[in-house]
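> Dropping the structure in here first, questions after.
Just so you know, all these numbers are worked out from the coordinates, no wet-lab data involved. This is a predicted model, so every value here is computed, not measured. Methodologically, a virtual Cβ is constructed for each residue, glycine included, from the backbone with ideal geometry; neighbour enumeration extends over all protein chains shown.
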Amino acid sequence: MPTGTSETTDRTSARERLLAAADELFYEEGVHTVGIDRVIERAGVAKATLYSAFGSKDELIRAYLMRRHATRQERMMRELERFTTPRERLLGVFDVLGEIQSEPGYRGCAFANASAESPSGGAVEEVSDETRAWTRNLFVDLARNAGAKDPELLGRQLTLLYDGATTSARMDRDPQAAAAARVVAESLVDAAIA
């Protein structure tokens with residue numbers, strides 16, 4: 001294997017190890033609570049490798065959140081495929097959320113957690129805004145497909161329920177929060193598409 005290819009593979013592997021370590025530590029303990037040395041130690045790489053791959057802790061945090069966002073999008077879209085009607089898909093978002101919340105190690109929304117620790121502006125706010133917009137747009141699109149009279153309003157209402165279920169599952173340690181939100185969502189959806 002040529003030297004350049006091996007170096008690229010090693011760097012990709014180190015980058016992935018850093019992201020995996022950051023994902024575990026940042027999600028479990030917080031993006032600003034966890035020092036860079038702990039991420040480096042968990043990943044088993046040199047400090048120079050982190051700065052070569054990401055440039056700074058802020059960029060590692062950005063990459064961690066972007067990866068979480070991409071994983072969340074992919075999972076949600078894949079899981080919604082099992083629902084057959086537009087109405088079922090719209091309400092199915094809460095079913096998927098409930099499945100996520102029942103997984104061991106669930107610690108709430110990574111974006112809300114990181115935002116609570118971070119000042120306004122910067123990488124955390126930027127990626128969090130992107131994921132929030134994606135969630136709202138998902139609900140609006142699904143509401144439109146289900147025939148809602150005002151998909152923007154229904155999308156906003158369902159986003160608020162989603163946020164409440166996410167917060168309740170974490171803060172109240174309520175594994176049934178998404179199921180309770182789904183019951184309310186069902187009433188809203190029925191009124192909006194009647």
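> May I ask you to compute the full-extension gain from Val184 to Arg42, defined as 0.36 nm times their residue separation minus their alpha-carbon distance, rounded to one decimal in nm?
Length difference between fully extended and current span is 46.9 nm.
> So what is the 222 nm mean residue ellipticity for the chain from helices alone, if each DSSP H run of at least 4 adds -39500 (n - 2.57) and you divide by all residues, rounding to the nearest 500 deg cm²/dmol? Spell out each step's value before the answer.
On the way: 9 runs with 152 residues, N = 194.
It lands at -26000 deg cm²/dmol.
> A follow-up question, please. Quick one: P(r) of the range 137-194 from all Cα-Cα pairs, 5 Å bins, percents rounded to integers, in order of increasing distance.
4, 22, 28, 21, 14, 8, 3, 0
> So what is the relative contact order of the range 65-193, in percent, for Cα pairs below 8 Å that sit 6 or more residues apart?
29 percent.
> Oh, and also: Apply the Kirkwood formula to the range 90-194: the hydrodynamic radius equals the inverse of the mean of 1/r over all pairs of different alpha-carbon atoms; give it in Å with one decimal.
14.3
> Considering only the other residues whose Cβ falls under 13 Å of the Cβ of Ala63, what net charge follows from Lys and Arg at +1 and Asp and Glu at -1? Display every interim value, and only then the final one.
On the way: positive: Arg15, Arg17, Lys57, Arg62, Arg67, Arg68; negative: Glu16, Asp23, Asp58, Glu59, Glu126.
Charge balance in the 13 Å sphere: +1.
> Let me ask something additional. Using θ = phi - 60° and the Karplus curve 6.51 cos²θ - 1.76 cosθ + 1.60, what whole-Hz ³J(HN,Hα) does each residue of the range 158-165 get, with Gly and Pro shown as x?
Going residue by residue, I get 5, 5, 4, 5, 4, 4, x, 5 Hz, with x marking Gly and Pro.
> Send over the per residue convex hull volume for the range 70-152, Cα only, as a whole number of Å³.
On the way: hull volume 8.1 nm³, N = 83.
Spread over its residues, the Cα hull of the range 70-152 gives 97 Å³ apiece.
> Next up: For Ala191 and Asp163, what is the calculated FRET efficiency with R₀ set at 22 Å and r taken between the beta-carbons, to the nearest 0.05?
After rounding to 0.05, the efficiency reads 0.65.
> Within a Cβ distance under 15 Å of Arg75, other residues only, what is the Lys/Arg minus Asp/Glu net charge?
Working: positive: Arg67, Arg68, Arg72, Arg78, Arg82, Arg89; negative: Asp23, Glu74, Glu79, Glu81, Asp95, Glu99, Glu103.
For residues surrounding Arg75, the net value is -1.
> When the convex hull of the C-alpha atoms of the chain is computed, what volume per residue in Å³ does it have?
It comes to 136 Å³ per residue, whole-number rounded.
> Does the range 12-69 classify as rounded, prolate or oblate by the C-alpha gyration tensor (a ≥ b ≥ c root eigenvalues; a/c under 1.5 gives rounded; else a/b over b/c gives prolate, otherwise oblate)?
Note, shape of the range 12-69 comes out rounded.
> Can you tell me the order of 161-172, 113-124 when each peptide is scored by its average per-residue count of other Cβ atoms within 10 angstrom, highest first?
With the highest mean Cβ count within 10 Å placed first, the list reads 161-172, 113-124.
> What does the charge add up to near Tyr106, with Lys and Arg as +1, Asp and Glu as -1, over the other residues with Cβ less than 15 Å from its Cβ?
Within the 15 Å Cβ shell, the charges total -2.
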